[in-house]
Amino acid sequence: MDSATKGILTGIGDRIRTPCYVYLKAGMQDHVRALADAFGGRFEVSYAAKANPNIEVLRVFCQSGTALDVSSIGEMARGLKAGFKASRISFTGPAKRGFELELSIRARIGEIVCESPEELDEVNSIATDLGVTQPVLLRINPKSVPKQFGLRMSGQPSQFGIDEEQIPELVPQMARWRAVRLCGFHAYSAGNSLSCDAVIENFALLMDLFSRFACDFGIEPNKFVFGSGFGIPYFENDEELNLSTIASAINGTVDRVKAAAKFSGTRFVLEMGRWLVGRDGYMLTSVVHSKHSRGREIRMCDAGFNNHLSAAGMMGTVLRRDWQFWNLSRLDQERNHEYLIVGPLCAPFDILGNNVLLPDTENGHLLAVSTSGAYGLTASPTRFISHPEPREYMITEVDGAIHIEEVTESRLNSMENSVDILRECDRPGEP
Ligand SMILES: *Cc1c(COP(=O)(O)O)cnc(C)c1O
């Protein structure tokens, strides 16, 4: 934790209630800016809403100029509410339901990223009925993925995207779907990498795939969307990705591709979630009870895996490792006590941290878990054991004063609510 963040988080204890998540607005804005600086404007950035769909978080990215990728009509409704124009939104993900496709097409969504030929067929028939032409991107499921990637989704049978091997047969037939317009390609085949080499290799692989298909089939693409795979440091001794290393390896490739007339109008998009928001959120929990059991010091907190499934190691991790914890009540003291940190759930696997080093930690102390801005609350089973929903706070610093705004959402993902918001945007004929 850097000293600026320590300054902000120390002393907020009496202004928030636990369990909760706090988000640091300036950090998110800095990350968007860092991408623009490193890549010199070669890429647009698209924020993947699933990392953190809080409307105020989406608003920060909207105002920072990113695009938005959603995976449900609920996320799309949130994006619209946060200020995104429908044309700046893309819709990616498996098993999009008919009503979701219809509502998003009516709302004039930018692109639908198709995951199968069947979905293309469905988009075409809905667009035909509505009398519109729907821009689509084909999501490609590549044959190969660099080895060092943590979360892998390609190179094997997958619900994500259309197999690379099927593209040569599919694209020449697309003319028969008259109400869809093929605008380019999308791929997101692996995520959460801290290896520059892997990220660079993956980018080269996707760029080669996209440009080869565009050339082979005479497409002048509007967009190439690269699922970036950028990871963040979750564990002690992890190192941040070095953006300038990545940029110096790939900027030249982008320039070379762009120099070809065919690609002069192509927009290159980096799509990511955790890199933009993961480091800018902390989960805060209070120590409720303490005990000593068979040689271990246990601290029992008001948040468990019901509020933070990822930190408990249950969100797609193979080997459970402790995330980074801080005692906000004693931030500057030496971390010389080892604790088992557990939550309030009647389940033996409700373990937030197994061997956590903290200063002497007592009941009532406030603990913070780092890197909780992405896949935190939104990825957690908050209904388990009927504890209250955690609160959410957005923290901004203006002229040295710290503002804390509660941004907790009570009507989470009600389908009626989403449909209402989409209906407000139902203005066919509007550009
Ligand atoms: C989840 C997802 C992302 C974001 O992944 P991160 O690891 O958070 O960067 C991007 N694109 C698609 C299609 C996704 O499903």
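Please treat every number below as a calculation from the coordinates, not as lab data. All figures in this text were calculated on a predicted structure; none of them were measured in a lab. Don't worry about glycine lacking a Cβ; one is built from the backbone with ideal geometry, like all the others, and counts go over all protein chains shown.
Brief remarks follow.
- Restricting the calculation to Cα atoms, region 152-200 yields a radius of gyration followed by a Dmax of 14.4, 43 Å.
- Placing +1 on the Cβ of every Lys and Arg and -1 on the Cβ of every Asp and Glu, with no other charges, gives the chain a dipole of roughly 300 debye about its Cα centre.
- Reduced Cα scattering model of region 218-360, Debye log10 I(q)/I(0), q = 0.19, 0.22 Å⁻¹: -1.17, -1.44
- Distance from the Cα centroid of region 359-400 to that of region 255-328 is 12 Å (rounded to whole angstrom).
- Between region 73-147 and region 163-195, the Cα center-to-center distance that results, in Å: 13 Å
- Cut-off 10 Å between beta-carbons: net charge of the residues surrounding Met300, Lys and Arg +1, Asp and Glu -1: 0
- Net charge, Asp69 excluded, C-beta distance under 15 Å - Lys, Arg +1, Asp, Glu -1: +3
- Across region 63-140, the convex hull enclosing all Cα atoms gives 80 Å³ per residue.
- Rg/Rh, computed from the Cα trace of the chain with Rh as the Kirkwood radius, has the value 0.99.
- Beta bridge orientation in the chain: antiparallel %, DSSP, nearest 5: 40 percent
- Computed on the chain, with alpha-carbon pairs under 8 angstrom and 6+ residues apart, the relative contact order is 20 percent.
- Label point distance in nm, Ala204-Met314, each placed 7 Å from Cα along Cα→Cβ: 4.1 nm
- Rounded to whole Å, the principal axis extents of the Cα atoms in region 231-305 read 70, 22, 16, largest first.
- Cα-based convex hull, region 113-214, per residue volume (Å³, whole number): 94 Å³
- Fewest neighbouring Cβ atoms within 10 Å first, the residues Arg335, Arg256 line up as Arg256, Arg335.
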